[in-house]
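Right, one structure below, let's go through it.
Please treat every number below as a calculation from the coordinates, not as lab data. The structure presented is a predicted model; accordingly, all values stated were derived computationally and were not measured. Here the Cβ is made from the backbone with ideal geometry for all residues, glycine too, and neighbour counts use every protein chain on show.
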Amino acid sequence: MDGVWHVDGDGRKMLNTPVLQSVLRERDSMGRETRPLKGARLLAWTLAALAAVALGGHPAEAAAPPERVTLDQDALVYSQMTTEGRVVMQLIPGDVVEIEPADTGGEWCKVREVEVWGKSGYALCQDVARRRPTAEAPPKATRPPEAKVPPAVGSPPAAPRVTKEPAAKPMATVTEPEVKREKRYTVQVAALVVERNAVALKARLEQLGFRPIIHTTTAPITRHRVYGGEFANREKAEQTAQRLKVDGFPSNVIETEGGKFSLEVGSFVDLNEAIDLAHSLQKKNYAPKVVSKAVSTPVHAVRVGEYQNRSEAVEVLEALKRQGFTPIIVGQ
């Protein structure tokens, strides 16, 4: 809703006539349903209505500030709240990020990297909620209060002779110098689930004059498995597996819970590919089933170079963009 005031072309602050007319019409309508408002009550009602319009409703509750954590494991950050979306960042142990819940179920968190480039996206909360433990400082030793001795009466006794033995020399201690880990950067061209696709991309980059490497890690990615039926015993399952092979659908016999057996015909990251395979099996009079589950899956990240400062990494990133790639800078 527009406010009560607006600024005209000459910069003058003027009443917003349409909004004011709407408030007055509402006042007249209430006057017809109840007894007329007069004097100070009418003025108070009008001022309250104008204030409500100007404020535009109740103030929103202040959102809880994001939590800042230091990661102790690798984590992938996606552009959307799905593991099938585009990977916008790959975080490593030691990265500092700000996280906050992104959905009501608590499965996804919104993540913003605060030390390097400040990009943001979505990651599974279980991957970014971990932090490095910080050792607590030992309590400071306090000196006990000295006991007060009452003054002696008369002559003090002679002090006994004390022979001092030479103090033992303390043993020298050797401390290893603390090695500070320098922040380095690399340019990630893509993170692929299929290893042969990562190898093909690496070869293409080498032809363009770059020196890429493949960094393999794991991430929870939803896989869609297509089964060609469930059977009470292995013999029947193997017979159906032979029929599937003749029809052009090779499969593997897998033992499931309860002592039953299923025929896995395919496993896909793309749900549409799994559905297409299930339709093909239905046309051959099989009873397929698609089962989707997030599993720890190897991810092959194709990266170029290792740089001590971000400016060098940016130069390589721009060169890759000119070749048609969509790379990102990753701290390591």
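For Val96, Val187, Val193, Val246, the sequence from fewest to most other C-beta atoms within 10 Å is Val246, Val96, Val193, Val187.
Simple spin-label estimate for Thr82 and Glu312 gives 3.9 nm between the two label positions (7 Å along the Cα-to-Cβ direction from each Cα).
Quick check on my link table: of Lys260/Lys284; Lys110/Lys202; Lys110/Lys321; Lys119/Lys293; Lys202/Lys321, which ones sit more than 20 Å apart, alpha carbon to alpha carbon? Checking Cα-Cα distances, Lys260/Lys284; Lys110/Lys202; Lys110/Lys321; Lys119/Lys293 exceed 20 Å. One decimal place: the segment Val291-Glu195 gains 32.3 nm when fully extended, by the rule 0.36 nm per residue minus the C-alpha distance. The ranking of Val265, Val87 by Cβ neighbour count inside 10 Å, starting from the fewest, reads Val87, Val265.
To the nearest µm²/s, what D does Stokes-Einstein give for segment 184-332 at 4 °C and 1.567 mPa s, using the Kirkwood radius over alpha carbon pairs as Rh? Rounded to a whole number, D works out at 72 µm²/s. Note on Thr216 and Thr326: the extension gain reaches 37.7 nm, defined as 0.36 nm multiplied by sequence separation minus the Cα-Cα distance. Stretching Glu67 away from Asp270 to a fully extended chain increases their span by 69.8 nm, per 0.36 nm per residue minus the current alpha-carbon distance. Among Ser79, Ser280, the ranking by other beta carbons within 10 Å of each residue's beta carbon, starting with the fewest, stands as Ser79, Ser280.
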